[in-house]
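The values are calculated or read from the model by the stated rules, or taken from the named source; none is laboratory data. Just so you know, these numbers come straight off a predicted model, no measurement behind them. Using ideal geometry, Cβ is built from the backbone for each residue, glycine included, and neighbour counts are taken over all protein chains shown.
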Amino acid sequence: MRSVGWGPRASAGPSDTSRNPPAPGSEPARRQGFRSRVSVPHVGREHVLFDVHAGLEERKEDTVIIDLPEDKDPILYVWGEMVPGIGIAASTFATSVYEHTTLGLREFEAARLRIAQVNGCLFCQDWRTERDGVQVEGDFAESVTEWRTTPAFDDRTRLAAEYAERYALDHHGLDAGFWTRMKASYTDREIVELSMCLGSWLAFGRLNRVLGLDAECVLPSHLPNHLPSHAIRADGQA
């Protein structure tokens, strides 16, 4: 048996993606990832009610999260085999928010990335959604952390990042004033859609982070410094 846990850390680099993300646990997800254990810097904000990364740095690198058979892929095993009646349905839900969204790319990515930053999910932070060959700009994630003041965001994008953060950290504080601002920029249908997207990203990104699965499906930009270049295949696998 082997275990999913924490291991040697490597600093995050720029993202490099080209397609909508595969469902967690799917074979495309396995192909786009590679096996490594990495960490990312803490993303803090002065108003957050608690440190979302509290305790993570105290976990030992050999902490056992889930015991896995030696011949099983961690992502496919956890999402597909361990609880098939739930995992496969969850995977379908996770994929549907990308396949059926009507939201603009910038507000979609602002909300998704803010949830990813709160969760600390490595794969989620590194991923960039692409539509018709278009992605957000390279420094978009930095703008997401500074959503209050960045000049790069319009009202809808700024509200998407704010809603994501408050949905994850302070949903009881979503007051009438916030909803007045939200409904001035979003239709009721868009609010429901965005809320469902947030629910998917919060639940499944956090699940992957807590179990250590986000380090089992990491994009090539998180390549560990100690891994030789000849060990990397064209599809990003080690």
Handout entry: region 71-112, subset within 20 Å of Val210 (Cα to Cα), part of a loop (DSSP other than H, G, I, E, B) and not basic (Lys, Arg), residue farthest from the chain's Cα centre (by Cα)
Key = Val83
Exercise for the section: Return only the number of the condition from (1) at pLDDT below 95; (2) closer than 15 Å to Leu113 by Cβ that Leu198 does not satisfy. Expected result: (1)
Handout entry: Residues that are of a type in the set (Phe, Trp, Tyr) and either surrounded by fewer than 18 Cβ atoms within 10 Å (Cβ to Cβ) or touching a Pro at 6+ places or on another chain (Cβ under 7 Å) (or both), drawn from region 123-137
Key = Trp127
Exercise for the section: Name every residue in region 89-132 that is at pLDDT 90 or above and of a type in the set (A, V, I, L, M), in order of residue number. Expected result: Ala89, Ala90, Ala94, Val97, Leu103, Leu105, Ala110, Ala111, Leu113, Ile115, Ala116, Val118
Handout entry: Elements of type helices (runs of 4 or more DSSP H) contained in region 118-204, each with 1 or more residues being under 20 Å from Thr95 (Cα atoms)
Key = 122-126, 155-169
Problem - Matching entry among Tyr163, Tyr98 (being hydroxyl-bearing (Ser, Thr, Tyr) and under 13 Å from Leu198 (Cβ atoms)) - result: Tyr163
Practice task
Go over the candidates Gly133, Gly104 one by one and state the one that is under 28 Å from Gly173 (Cβ atoms) and without any contact (Cβ under 8 Å) to a residue 60 or more places away in the chain.
Solution key: Gly104
Handout entry: Breaking point among (1) buried (at least 21 other Cβ atoms within 10 Å of the Cβ); (2) within 17 Å of the chain's Cα centre (by Cα), for Trp147
Key = (2)
